[in-house]
């Protein structure tokens, strides 16, 4: 359990095992919780990386991202197991190529939320470069953000010479102030209007206009499904439940 907003936060749940990857998911109900969970994930990742490196010569790396439901992405249940599909899920998997051993890479949207919600001296956000990710941003470079908790350091002497992201991380200028991170992400969204990029939201007040019609249709479909399953029972008002 992580601490957040003065209360206990439910631990991330195991999603699935995929080769040598372990995937977890966490339902966001408060953006302040995202900071606590990201910090806990980073600390667990780096601790585990040190342990297996010393004993087995293996390394661990991590990637964290946000995905909105039910408008951009969907969850499906098959044989009592949950799976997630959609463009945000694709971004997360593609972005894993920009992570490195002992490092935690976060998506642009997650970096935006971390910069907005995290208290001072909690996490450090680093813009370490750009990467072209297949099927993402119509081929435009995607910003690569890594997070730390103050201690960067090299794990091997030659690390900075093998990876441009690591070389950038080890430069003092790699750390980006929260306000500058927010400004950078906003400028990217503004420069790519055709992609309809938007800031993640939890309440309908933050919903972009082009989502409102889709949200209304989704609610109506849920009501039709419920009416069919219950023989016409009223679904009730659901408009105060915004997608994650």
State yes or no: is residue 41 closer than 16 Å to residue 14 by Cα and in contact (Cβ under 8 Å) with a residue 12 or more places away in the chain?
yes
Kindly check whether there is at least one residue in the range 32-53 that is more than 18 Å from the chain's Cα centre (by Cα) and more than 25 Å from residue 124 (Cβ to Cβ).
no
Considering only the range 118-136, how many residues are without any contact (Cβ under 8 Å) to a residue 40 or more places away in the chain and closer than 18 Å to residue 64 by Cα?
4
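A quick yes/no check of all residues on (1) in contact (Cβ under 8 Å) with a residue 40 or more places away in the chain; (2) within 19 Å of residue 101 (Cβ to Cβ); (3) not in a strand (DSSP E or B):
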| position | (1), (2), (3) |
| --- | --- |
| 22 | no, yes, no |
| 27 | yes, no, yes |
| 48 | no, yes, yes |
| 53 | yes, yes, yes |
| 84 | yes, no, no |
Looking only at the range 79-101, count every residue that is touching a strand residue (DSSP E or B) at 6+ places or on another chain (Cβ under 7 Å) and closer than 17 Å to residue 38 by Cβ and tell me the total.
5
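Here is a yes/no grid of residues against (1) surrounded by 14 or more Cβ atoms within 10 Å (Cβ to Cβ); (2) under 22 Å from residue 69 (Cα atoms):
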position: 11; (1), (2): no, yes
position: 16; (1), (2): no, yes
position: 20; (1), (2): no, no
position: 34; (1), (2): yes, yes
position: 46; (1), (2): yes, no
position: 49; (1), (2): yes, no
If residue 75 satisfies all but one of (1) at pLDDT 95 or above; (2) touching a strand residue (DSSP E or B) at 6+ places or on another chain (Cβ under 7 Å); (3) not in a helix (DSSP H, G or I), what's the number of the condition it fails?
(1)
Those residues of the range 137-153 which are without any contact (Cβ under 8 Å) to a residue 24 or more places away in the chain and exposed (fewer than 13 other Cβ atoms within 10 Å of the Cβ) amount to 139, 151, 153
Does residue 97 qualify as being surrounded by fewer than 17 Cβ atoms within 10 Å (Cβ to Cβ) and either within 30 Å of residue 212 (Cα to Cα) or at pLDDT 95 or above (or both)?
yes
Report whether or not residue 194 is outside the structural domain of residue 29 (by TED's automatic domain parsing), part of a helix (DSSP H, G or I), surrounded by fewer than 12 Cβ atoms within 10 Å (Cβ to Cβ) and more than 20 Å from the chain's Cα centre (by Cα).
no
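The values are calculated or read from the model by the stated rules, or taken from the named source; none is laboratory data. Quick caveat: nothing in here was measured; it's all calculated off a predicted structure. FYI the Cβ positions are ideal-geometry reconstructions off the backbone, even for glycines, and counts take in every protein chain you see.
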